[in-house]
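Here the structure is laid out as structure tokens; the discussion comes afterwards.
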Amino acid sequence: MGLRFTAARAVSGISTWGLKNVFHRPAANFPGKMALYVDPQLIAHLRGKLDRGSVCVVGTNGKTTVSNLLADVLEASGQRVVCNRTGANLDSGVSTALLHAGKADWGVFECDELWLAKILPQLRANYVVLLNLFRDQLDRCGEIDRIQDSIVKALGSSPETVLVYNADDPLCASIADRAGQLPGREGTRSIAFGVAESMGLAQNTVSDATMCQRCSTMFEYDWRQYGQLGEWRCPNCGFARPALDFAAENVQLGVNGLAFSLAKPGAGDAGREGAFSVSARFSGAYMVYNLAAVSVAASLLGCTNEALQKAIDAFDPQNGRLQTYDLAGRRVLLNLAKNPTGFNQNLKIVAQDQAPKVVAFFINDKEADGRDVSWLWDIDFEELAQAGPLTAYAGGIRGRDMAVRLKYAGIDAQTVDNADDLLHRIAQQPREVSAYIIANYTSLPGCKAALDAAVAAGGEVEPAAGEAPAPRDFGTQGADGAPAGEDAANGQNPVVIAHLFPDLLNLYGDGGNVRVLQQRLAWRGIPVEIRRVNHGDAIDLSGVDLIMMGGSPDREQKLASADIVAMRDQLDAYVQDMGPLLAICGSYQMLGREWLVDGEKVPGLGLVGMTTGRPGTSGDRLVSNIALRSPLADEPVVGYENHAGRTYLDEGVEPFGTVVSNTGLGNNEETKQDGVRYKNVLGTYLHGPLLAKNPQIADWLLARALERNAKRTGQPLVELTPLDDAPEKAANTFMCDKLGAK
Ligand code: GLN
């Protein structure tokens, strides 16, 4: 141990003392951060404290739960454990946990996906447990591929580390596949776990891996659990869910608990004999995967079924994740959800309870949450309308965005100032009305603090003044969002909206644009029909009134582009005939002559005079909230951009708008312009989804669609009546103020 290490320890000791005694703050990160400045090899120098070694837990969802529970199982087995229990999962958090610990048997560390590449080379963990990869904070990570690359690199830096991965997730299996081919890892096995049978769950709209990363063919599934997890297979190259070394079988999933057995299918009778059986009082399919991961790791580390079950029974981390409160006889469930998959799982938990309830969502957009909230539109809030009577509230910094999202799911929500305000509103309801509070990363602590304070004060909360909105059943509207009872057709031909390749082009809630268009017609009593055209499907555009296509990561974009270029003549005829078309980001790039991916030129549609290049790699991106001045709207148009491509318009080609925000660049670094307008085509880099906070743009497209519909069907032109856009305008104004856009 050198001088640097000794100095680093001294620095950490002083900062820990200062934080605890002077600032009265928890010391989960800062001491390690300071010590790492002094000794960058600190983790390597500290790993000797761990007699038997360590386990790193990575993945988008479930890291904190899995690492805490695994630490508990080890402790229940009589082992001394070091764990970064509060979820401080960068190198500073891991260092701090090690600095504060004495001698131990095992280290169990939750690690951020991108930081594993910094932590693992020093820690040289025995195991990396890889839980899942879903879209989350893409403003930080770019595209999911980048996270995969980073994890593969990390595994390459520690060749003896065994990868334990969720084989139901093709994105994790792909990492195992690539890691297996790395030099130095030939002798290191990977261990696959998964769920052996379908859990029979309803499917959500957006999935993060629809195609094979080896050969770019769409996957086939025998069954899908949620997201991209399931029994998958590529019909072209044969890449398929690997044989499971550990499999959860006989899964039972109920409102108040779950159970399964964990077998080793490859080990014959011995595997069945050594099987663990697990039961827990938690709900949610994602908890089956979390507990399966814990059980596999516990088995590998030599723990018994008894120790595992004992730890699960006692598990009550009180960290706001699936935490139940009793407020003077009123049940309140608090949970974290920070990305679409996590949210969808939470909505399923809420919908299991069909009784009248309060449901509240808190959404912040701080650094740790991601500055963008487009992902709210990748969540199927429409399912809440099937959850029985409810009163909905939206809060947090981006509570207005949340309220708009709920509005388009057909659910009226009121905004609340903060969690205290919410508790007063909850107290207006009869005591038997349960409440569900779902909060994203930085909004969770405020909610937890308010609930903890209410419990500490005896659980009684003063009801807010005024009348309580009674829980309402929002499930009475028709499938297309039109109010029930209205004759949707009215003898009128529906406006036909084609959503092109939503299975491939679906980043940042782009599908929400279709939802917005659909609802804005339905609210006006205008019949509408949505045609989702998936990869491999065909459509006749002569019967279509409006086309929407979204953005996507490079790989999916390339496959979709082949489909779209194959439709070139049809699309050209549609555009020349003044058909309205909205193309976002990846598909906007395809409108031009060409676009670039990994240095390769991909031919575009050539419908518009523009071209898209790429100055660097996929990591060199323009990522930001952004606002434009456009001739199509009175207010600035607000959105969010995240792209590697840079687009240049030919001389005389009109942009969609001029950038007027403090941040954001749009087409490229030079022109301060975004997007393109050509006939009734609107191309833009703005996700958001674009139309949610910019209703005038939505109505501009709809007006063009109605003109085309009238011309196409010979029916009289339908006028667009005004709608109450107060929530949309509030969300727009908030972002304009934030971005300094006038
Ligand atoms: N893959 C494209 C790019 O990075 C488009 C990304 C997107 O649609 N957000 O430029």
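The values are calculated or read from the model by the stated rules, or taken from the named source; none is laboratory data. Everything numeric here is computed off the predicted structure, so don't read it as measured data. Neighbour counts are summed over all protein chains in view; Cβ atoms, including those assigned to glycine, are modelled from backbone coordinates with ideal geometry. For the accessible areas, the whole protein counts, side chains as well, though only heavy atoms, and no ligand, DNA or RNA atoms are used. Shrake-Rupley method; radii C 1.70, N 1.55, O 1.52, S 1.80 Å.
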Criterion violated by Gly579 - all others in (1) touching a residue at least 60 places away in the same chain (Cβ under 8 Å); (2) in a loop (DSSP other than H, G, I, E, B); (3) open to solvent by less than 10 Å² (accessible area, probe 1.4 Å); (4) within 14 Å of the ligand (Cβ to nearest atom) satisfied: (4)
The lone exception for Leu90 - which of (1) at pLDDT 90 or above; (2) within 25 Å of Ile175 (Cα to Cα); (3) surrounded by 20 or more Cβ atoms within 10 Å (Cβ to Cβ) it fails: (3)
Conditions (1) without any contact (Cβ under 8 Å) to a residue 60 or more places away in the chain; (2) at positive phi; number of the one not met by Asp537: (2)
Per-region count, the range 177-192, residues part of a helix (DSSP H, G or I) and open to solvent by 10 Å² or more (accessible area, probe 1.4 Å): 3
Asn513 being within 16 Å of the ligand (Cβ to nearest atom), open to solvent by less than 50 Å² (accessible area, probe 1.4 Å) and modelled with pLDDT of 95 or more: yes
Within the range 350-382, tally of residues that are buried (at least 22 other Cβ atoms within 10 Å of the Cβ) and either aliphatic (A, V, I, L, M) or in a helix (DSSP H, G or I) (or both): 12
Only one of Leu74, Leu19 that is assigned to a helix (DSSP H, G or I), open to solvent by less than 70 Å² (accessible area, probe 1.4 Å) and modelled with pLDDT under 80: Leu19
Matching residues in the range 142-170 - criterion: being surrounded by fewer than 24 Cβ atoms within 10 Å (Cβ to Cβ) and assigned to a helix (DSSP H, G or I): Ile144, Asp145, Arg146, Gln148, Asp149, Ser150, Val152, Lys153, Gly156
Breaking point among (1) under 27 Å from Tyr408 (Cα atoms); (2) touching a Gly at 6+ places or on another chain (Cβ under 6 Å), for Leu691: (2)
Yes/no for Val597 being aliphatic (A, V, I, L, M), within 13 Å of the ligand (Cβ to nearest atom) and either touching a residue at least 12 places away in the same chain (Cβ under 8 Å) or closer than 23 Å to Asn694 by Cα (or both): yes
Residue tally, condition within 16 Å of the ligand (Cβ to nearest atom) and open to solvent by 60 Å² or more (accessible area, probe 1.4 Å), over the range 536-561: 2
Complete set of residues in the range 424-475 that are open to solvent by 20 Å² or more (accessible area, probe 1.4 Å), within 21 Å of Leu390 (Cα to Cα) and in contact with a Gly (Cβ under 6 Å, 6 or more places away or on another chain): Arg431
Residue check for Asp412: of a type in the set (Asp, Glu) and within 27 Å of Gly509 (Cβ to Cβ): yes
Qualifying position, being in contact with a Leu (Cβ under 9 Å, 6 or more places away or on another chain), assigned to a strand (DSSP E or B) and open to solvent by less than 10 Å² (accessible area, probe 1.4 Å), among Leu682, Leu690: Leu682
Residue that is more than 23 Å from the chain's Cα centre (by Cα) and either under 30 Å from Gly599 (Cβ atoms) or within 14 Å of the ligand (Cβ to nearest atom) (or both), where the choices are Gly652, Gly664: Gly652
